[in-house]
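Notes follow once the structure below has been shown.
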Amino acid sequence: MSSVSKKIVRTAFVIIALLFVYAPILILAVYSFTDATTIGQSGSFSLQNYVTLFTTPELAEMIFGSVMLALVSAVIATLLGTFGAIGSFYSKKGAGNFISTVNQIPVVNADVVTGFSTCILLVIVFGINKDSYVPLIAGHVILSAPFVYLSVMPKLKQLDPSIYEAAMDLGASPAVALSRVVIPQILSGIISGFGLAVTLSLDDYFVATYTKPATFDTISTYVVNATKGSQTEIKTALWALSTIIFVLVFLIVFCMNYMSKKKDDPAGEKARV
Amino acid sequence: MKITFSRKQLAIPYSLVLIIFVILPLLVIGFYALTDATGRFTLANFLNFFTDTNTLGTLFYSFALAFVTTVVCLFIAYPTAYFLASSKWKFKNVVLMIFVMPMWINFTLRITAMKEILNAIEGNLAFYPFLNSVIGLSYDFLPFMILPIYTTLTKLDRSLLEAAKDLGAKDLTAFLKITLPLSIPGIVSGVSMVFLPAMTNYVVLDMLYNSTYIMGSLIGSYFSAYDWHNGSMIALVLLLIICVFTILTNGDAEDANARGGALL
């Protein structure tokens with residue numbers, strides 16, 4: 001094969017793969033701006049789906065609830081995971097290895113097992129009421145804290161240990177040295193861990209379905225129920241939701257990428273210090 | 001008494017959380033799996049699982065579905081990652097990011113999109129339940145396969161390929177003898193990111209009207225029947241499969257970040 005035709009074949013393959021990944025989302029996005037109720041049906045331009053999305057109380061409640069749950073569980077997970085990583089990094093080898101090993105369990109475990117086992121322990125054995133939101137938040141924390149731990153750990157390993165010691169020699173207490181020296185150095189790991197925790201919580205279905213209060217719905221549990229229901233209005237309003245989330249994720253990812261590019265720039269690095 | 005602060009102590013809260021919310025639930029599951037309703041030790045749940053043709057059929061169906069899904073993902077992901085990694089495009093990192101971005105969009109919304117498309121093409125989803133599930137699961141998990149393969153391919157030492165060419169190897173030979181073997185770690189971590197979730201993500205099947213059970217759905221059905229004992233046994237079997245898989249693939253802590261962290 002000539003190198004030109006080779007190039008064409010390669011590019012075509014990548015484009016087809018991209019179409020597989022994006023065609024469904026993009027087609028749905030186009031249809032979300034029409035009054036059509038199924039794909040392929042002809043419809044005229046309409047913003048009704050977006051109006052429904054923002055004016056139907058149960059939809060607004062579900063979105064607000066999911067976002068709140070994601071933020072609360074991500075904050076707790078970030079605190080636990082970050083301090084866990086710092087503590088484990090400076091612990092004796094045995095203790096550190098123990099934490100790192102147990103930390104891997106929720107990471108490799110199937111989410112359905114995590115959800116089921118959390119529910120069995122907290123609800124069946126301890127008798128905690130699901131309506132208290134404790135099982136749900138605990139489930140989401142345990143789902144995401146290990147990922148915070150994993151994104152903070154490499155930053156700690158890159159850290160120059162002499163900076164901490166220098167701070168102590170200059171009279172800083174351990175707490176001050178930690179908050180002024182160590183934390184700023186690992187901040188990028190903490191932030192990406194937090195971002196990861198938010199998305200894991202927003203994406204989760206399995207843990208929520210076993211631990212949530214009966215009247216509460218996350219985006220996932222709501223969407224799954226809605227696809228089984230026959231309310232066309234709700235179904236097409238979810239197309240609007242999926243379009244909005246798509247645009248938001250797109251913007252966030254590109255902003256973060258742009259910012260990290262700037263940070264990698266050595267001149268920028270110097271300017272920040 | 002003076003309390004001295006040390007950095008190690010920061011690990012105490014997280015260790016307690018791990019013990020209470022990770023280790024304890026697994027012990028409880030093990031206990032339920034090996035006891036009956038009166039709390040007495042029994043192997044009945046275990047024997048139930050391995051003698052019941054329904055549960056064995058489910059296990060087989062899960063394996064088949066996960067296997068086909070993994071193969072499909074691999075056949076799409078490997079060439080994509082390979083072409084991207086070896087291309088001289090200026091914006092290949094951006095293209096990779098576009099491939100990986102769907103990880104961040106709620107999977108039920110993405111499956112809804114796929115469902116609407118399949119509905120429009122097939123007319124009725126009930127005609128091809130297995131095919132639809134494979135399409136849905138591959139669509140869901142493809143980014144998890146592309147990312148690790150791409151990462152290993154970009155870390156590949158290019159001078160090895162140049163040396164092979166200097167020594168007279170054809171492109172294909174160089175690929176088969178150098179690129180492919182060296183990218184196996186990426187393939188292995190991609191496979192483990194796809195295979196296990198494909199065995200348990202019953203929601204994708206549910207949403208695409210495939211009513212056949214997979215391992216994940218079994219837990220759900222026992223749970224709704226208030227049968228914690230058999231449900232725990234299924235969870236235990238899944239855990240064992242995961243353990244074996246993790247040991248075989250030598251599950252690496254860094255790879256776990258592929259679950260979405262690589263973008264940040």
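More than 12 Å from chain B (Cβ to nearest Cβ) and under 30 Å from B:Ile121 (Cα atoms) - does that describe any residue in region A:65-82? Taking every residue of region A:65-82 in turn, none turns out to be more than 12 Å from chain B (Cβ to nearest Cβ) and under 30 Å from B:Ile121 (Cα atoms). Note on region B:13-57: among residues that are of a type in the set (Ser, Thr, Tyr) and within 13 Å of chain A (Cβ to nearest Cβ), the one that is surrounded by the most Cβ atoms within 10 Å (Cβ to Cβ) is B:Tyr14.
Can you tell me which residues in region A:209-236 are among the hydrophobic types (A, V, I, L, M, F, W, C) and either within 30 Å of A:Leu156 (Cβ to Cβ) or surrounded by 24 or more Cβ atoms within 10 Å (Cβ to Cβ) (or both)?
A:Ile219, A:Val223
Identify, from the list A:Leu159, A:Leu241, A:Leu202, A:Leu178, the residue that is at pLDDT below 90 and touching a helix residue (DSSP H, G or I) at 6+ places or on another chain (Cβ under 6 Å). Unique residue meeting the criteria: A:Leu159. So A:Asp203 ticks every box in (1) surrounded by fewer than 24 Cβ atoms within 10 Å (Cβ to Cβ); (2) under 20 Å from B:Lys115 (Cβ atoms); (3) more than 8 Å from chain B (Cβ to nearest Cβ) but one. Which box is left unticked? Every listed condition holds for A:Asp203 apart from (3).
Mind listing just one residue for me: the one in region B:189-203 that is within 10 Å of chain A (Cβ to nearest Cβ), in contact (Cβ under 8 Å) with a residue 24 or more places away in the chain and under 18 Å from A:Ser220 (Cα atoms) and, of those, surrounded by the most Cβ atoms within 10 Å (Cβ to Cβ)? This residue is B:Asn201.
Quick one: count up the residues across region B:151-200 that are under 16 Å from B:Ile242 (Cβ atoms), polar (S, T, N, Q) and either assigned to a loop (DSSP other than H, G, I, E, B) or touching a Leu at 6+ places or on another chain (Cβ under 8 Å) (or both). Don't jump to the end; show me each part of the working.
Keep residues of region B:151-200 that are under 16 Å from B:Ile242 (Cβ atoms), which gives B:188-189, B:191-200.
With the extra rule that they be polar (S, T, N, Q), the set shrinks to B:189, B:192, B:200.
Adding the requirement that they be either assigned to a loop (DSSP other than H, G, I, E, B) or touching a Leu at 6+ places or on another chain (Cβ under 8 Å) (or both) leaves B:200.
The total comes to 1.
Being free of Cβ contacts under 8 Å to residues at least 40 places away in the same chain and more than 21 Å from the chain's Cα centre (by Cα) is the filter here; which residues of region B:79-94 pass it? Passing the criteria: B:Phe83, B:Ser87, B:Lys88, B:Trp89, B:Lys90, B:Phe91, B:Lys92, B:Asn93, B:Val94.
Restricting attention to region A:110-122, the residues that are surrounded by 24 or more Cβ atoms within 10 Å (Cβ to Cβ) and at the interface with chain B (Cβ under 7 Å from one of its Cβ atoms) total 5.
Here are A:Leu121, A:Leu136, A:Leu71, A:Leu79: which of them is closer than 14 Å to A:Ala208 by Cα and in a helix (DSSP H, G or I)? None of the others qualify; the one that does is A:Leu136. Pairing residues of region B:95-120 that are within 21 Å of B:Ala77 (Cβ to Cβ) with residues that are of a type in the set (D, E, K, R) and surrounded by 20 or more Cβ atoms within 10 Å (Cβ to Cβ), at Cβ distances under 7 Å and at least 6 apart in sequence or on separate chains, gives B:Pro102/B:Arg110; B:Phe107/A:Asp203; B:Phe107/B:Asp140; B:Arg110/B:Asp140; B:Ile111/B:Asp140.
Criterion first (within 8 Å of chain B (Cβ to nearest Cβ), in a helix (DSSP H, G or I) and either more than 22 Å from the chain's Cα centre (by Cα) or charged (D, E, K, R) (or both)) does A:Gly87 satisfy it?
yes
Mind telling me which of the residues A:Ile163, A:Ile142, A:Ile183, A:Ile191 ends up being over 11 Å from A:Ala74 (Cα atoms) and within 24 Å of the chain's Cα centre (by Cα)? Working first, answer last.
Working: A:Ile163 fails: within 24 Å of the chain's Cα centre (by Cα); A:Ile142 fails: over 11 Å from A:Ala74 (Cα atoms); A:Ile191 fails: over 11 Å from A:Ala74 (Cα atoms).
Just one listed residue meets the conditions, A:Ile183.
All of A:Ile186, A:Ile137, A:Ile190 fail the test of being away from chain B (no Cβ under 12 Å) and either in contact (Cβ under 8 Å) with a residue 24 or more places away in the chain or crowded, with 17+ Cβ neighbours inside 10 Å (or both), apart from A:Ile186.
The values are calculated or read from the model by the stated rules, or taken from the named source; none is laboratory data. Treat the numbers as computed from the prediction; the structure is a model and nothing was measured. Methodologically, a virtual Cβ is constructed for each residue, glycine included, from the backbone with ideal geometry; neighbour enumeration extends over all protein chains shown.
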